[in-house]
Amino acid sequence: MDEQRSTVAIPVGDAQLPADLMLPAQPVGVVLFAHGSGSSRHSPRNVAVARALNGRGLGTVLVDLLTPTEDEVDARTAELRFDIGLLASRLAGIVDWLAVQRPAGDVPIGLFGASTGAAAALVAASSRADRVGAVVSRGGRPDLAEEALAQVRTPTLLLVGGLDEEVITLNERALAEMGEIGELRVIPGATHLFEEPGTLEQVADQAGTWFTTHLSR
């Protein structure tokens, strides 16, 4: 399968956000990744999931939601990684860029959020229901999306490790707010980071099926 790899700077407001694009020859959709607190677009877990999605014909966009200057501040204060409003507005801006610039063509857009990135993905999805066709959360904190949860109209899959008990509870509460648009699945034997053998592969497989199902036209 021919693939096109590129690194671009995506303009969102006053920020230029570095992003790695991987586009199969004829993508069936494109998935934008939102990493968790203290991570980056180089997160090995998200990169591994992205590669699996590429194998299913999905384009992927791995992006840093903070500028290098903001990253330096956050490394000292940890204040921006929990600014869900800022992260969600950046994600929504990238969704708009994908819809207008169409680097993957005129294909549906999905969001994949990890940890706090899941909350940002859900807030962005609630404000871009016309452009976001599916959301997947990995070990996410959807509860941090707060009142936006009830506004989500996008099919959302919540994946949580079976040993990540506190996060399971938080996801169950978020699911109750979302209603039938959401689905919670527990990966047996997995902790928060899905470091156990085979667990991340299960995440990638379930995410791939969710996206290909809901982004197909």
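Ranked by the mean number of other Cβ atoms within 10 Å of their residues, highest first, the peptides 146-156, 51-61 fall in the order 51-61, 146-156. The residues of the range 38-160 have, on average, 36 Å² of accessible surface per residue, using a 1.4 Å probe with all protein chains present. Give the relative contact order (percent, whole number) for the chain; include only Cα pairs under 8 Å separated by 6+ residues. The normalised contact order for the chain reaches 18 percent.
Coupling constants for the range 101-117 follow from the phi torsions by the Karplus curve (6.51 cos²θ - 1.76 cosθ + 1.60, θ = phi - 60°), and in residue order they are 7, 6, x, 9, x, 8, 10, x, 10, x, 10, 10, x, 10, 6, 5, x Hz; glycine and proline get x.
Were the residues from residue 106 through residue 72 laid out at 0.36 nm apart, the gain over their Cα-Cα distance would be 8.7 nm.
Name the shape class, rounded, prolate or oblate, that the alpha-carbon gyration tensor gives for the range 174-217, where a ≥ b ≥ c are the square roots of its eigenvalues, rounded holds for a/c under 1.5, and otherwise prolate holds if a/b is larger than b/c and oblate otherwise.
Here the range 174-217 falls in the oblate category.
Computed 3J(HN,Hα) for the range 83-90, one whole-Hz value per residue from the Karplus formula 6.51 cos²θ - 1.76 cosθ + 1.60 where θ = phi - 60°, is 7, 4, x, 5, 5, 5, 5, 5, glycine and proline marked x.
The HN-Hα couplings worked out from phi for the range 172-181 by the Karplus form 6.51 cos²θ - 1.76 cosθ + 1.60 (θ = phi - 60°) are 5, 5, 5, 4, 5, 6, 7, x, 5, 6 Hz, whole numbers, x standing for Gly and Pro. Ignoring ligands, DNA and RNA, what percent of the accessible area of the range 61-190 is carbon or sulfur (1.4 Å)? For the range 61-190, the apolar C and S fraction of the accessible surface comes to 47 percent. Entry note, the range 78-151: relative contact order of 33 percent, from Cα contacts under 8 Å with a spacing of 6+ residues. A cut-off of 5 Å between modelled amide H atoms, ignoring neighbours fewer than 5 places along the same chain, links residue 161 with 139, 187. Under a 5 Å amide H cut-off, with hydrogens placed 1.01 Å from N, residue 112 pairs with 32, 33, 34, 136 among residues at least 5 apart or on other chains.
Dividing the summed helix terms, -39500 (n - 2.57) for each DSSP H run of n ≥ 4, by the number of residues in the chain produces a 222 nm estimate of -12000 deg cm²/dmol to the nearest 500. On the beta carbon distance between residue 26 and residue 209, with R0 = 25 Å, the FRET formula returns roughly 0.85.
The values are calculated or read from the model by the stated rules, or taken from the named source; none is laboratory data. Since this is a predicted model, take the numbers as computed values, not measurements. Note that we place each Cβ from the backbone using ideal geometry, even for glycine, and neighbour counts take in every protein chain shown. Protein only, heavy atoms only, side chains kept; ligands, DNA and RNA dropped before computing areas. Shrake-Rupley method; radii C 1.70, N 1.55, O 1.52, S 1.80 Å.
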